[in-house]
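Here the structure comes first, spelled out in structure tokens, and everything after it is commentary.
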Amino acid sequence: MKNHNGDIMKIHVINYQFDNLYNKLYDSDWLEAELIMIISKRKIKINLEFLIIEELERIYFWLIQILNKNYADSKLEFIDPNLKFKIMTRSKIPVLKIIYYMNDTKIECWELIINTANINSLANKINKIIINYPCRCGKTHNIN
């Protein structure tokens, strides 16, 4: 996904962490994934060691709530304590900021202006991942 500055962000799912594991909460839906950001021509690749399908579903439904202007939380947090999605305002313009805390002093972030086209595009990209890597845990997630 390219933002207004030409910077790119992508959640790249490589595979399930365990190929043939079904009906195990968390482990069946644990993904081998990475967050890739290209910011000012600098490529950053971060292993998302704890990403699960349910979290992608949460992102998707949260984006739909943003589109409908019906969201309760201005941020999403994940199992990985270093990853955060946050709605902020910069110069009176609402933005979605994806933040990854590399360590105590280094933060990588990417932002996207919140408008219908941008949020729809990001939601569609997340939904494609969910379609390609469906839930295998056998449980209802109760996301929305």
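Read the figures in this text as sums done on the coordinates, not as results from a lab. Model, not experiment: these values are computed from the prediction. Quick reminder, even Gly has a Cβ in these numbers, built from the backbone with ideal geometry, and neighbours come from all protein chains shown.
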Task: Amide hydrogen neighbours beyond the local backbone of C135, cut-off 5 Å, H modeled - done: none
Task: Option label - P(r) over Cα pairs in 10 Å bins from 0, in percent computed here, alternatives [x] 11, 35, 25, 13, 10, 5, 1, 0; [y] 11, 41, 36, 11, 1; [z] 12, 43, 30, 12, 3, 0 - done: [y]
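If you place +1 on the Cβ of every Lys and Arg and -1 on the Cβ of every Asp and Glu, how big does the dipole about the Cα centre of the chain come out, in debye to the nearest 20?
Numbers: 20 positive and 16 negative charges, 144 e Å.
Dipole about the Cα centre, nearest 20: 680 debye.
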Open item on the list: Give the residue list of trypsin sites (Lys or Arg not before Pro) in the stretch 64-144 that are DSSP loop and have at most 14 other beta-carbon atoms within 10 angstrom.
Closed with: K69, K92, K106, K139
Task: Rounded to 10°, Cα long-axis angle of helix 53-67 versus longest principal axis of the chain - done: 40 degrees
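Quick check on my link table: of K2/K24; K2/K139; K41/K69; K106/K139; K69/K125; K92/K139, which ones sit more than 31 Å apart, alpha carbon to alpha carbon?
Exceeds cut-off: K2/K24; K2/K139; K41/K69; K106/K139; K92/K139.
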Task: the chain: angle of helix 116-132 to the longest principal axis, Cα-based, in degrees nearest 10 - done: 20 degrees
Task: Estimated distance in nm for a label pair at D19 and T105, the labels positioned 7 Å out from Cα along Cα-to-Cβ - done: 4.3 nm
- [ ] Using only Cα atoms, locate the centre of the stretch 48-76 and the centre of the stretch 113-138, then give the distance between them in Å, rounded to an integer.
- [x] 9 Å
Open item on the list: I want to check the label-to-label distance for N5 and N127. Put each point 7 Å from Cα in the C-beta direction and report it in nm to one decimal.
Closed with: 2.9 nm
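Within 12 Å, Cβ to Cβ, of L122, how many net charges do the neighbouring residues add up to if Lys/Arg are +1 and Asp/Glu are -1? Working shown, then result.
On the way: positive: K2, K10, K125, K128; negative: E111.
Net local charge, L122 excluded: +3.
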Open item on the list: I need to check one value: relative contact order of the stretch 1-43, counting alpha carbon pairs closer than 8 Å and at least 6 residues apart, in percent.
Closed with: 44 percent
Open item on the list: Give me a comma-separated list of calculated 3J(HN,Hα) values for the stretch 18-34, in order, Karplus coefficients 6.51, -1.76, 1.60 applied at θ = phi - 60°, integers in Hz, x for any Gly or Pro.
Closed with: 10, 4, 10, 10, 10, 6, 10, 3, 6, 4, 5, 10, 6, 10, 8, 8, 9
TODO: For K128, go through the aspartates and glutamates and keep the ones whose alpha-carbon is under 13 Å away, minus same-chain ones fewer than eight residues off.
DONE: E57
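For n ≥ 4 DSSP H runs only, could you compute -39500 (n - 2.57) per run for the chain, divide by its residues and tell me the 222 nm figure to the nearest 500?
Numbers: 2 runs with 32 residues, N = 144.
It comes out at -7500 deg cm²/dmol, rounded to the nearest 500.
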Open item on the list: Could you tell me the relative contact order of the chain? Use alpha-carbon pairs under 8 Å, at least six residues apart, and round to a whole percent.
Closed with: 26 percent
Open item on the list: Let me make sure I get this right: for the stretch 20-67, a, b and c are the square roots of the gyration tensor eigenvalues over alpha carbons, sorted descending. Under 1.5 in a/c it's rounded, otherwise prolate if a/b > b/c, else oblate. Which is it?
Closed with: oblate
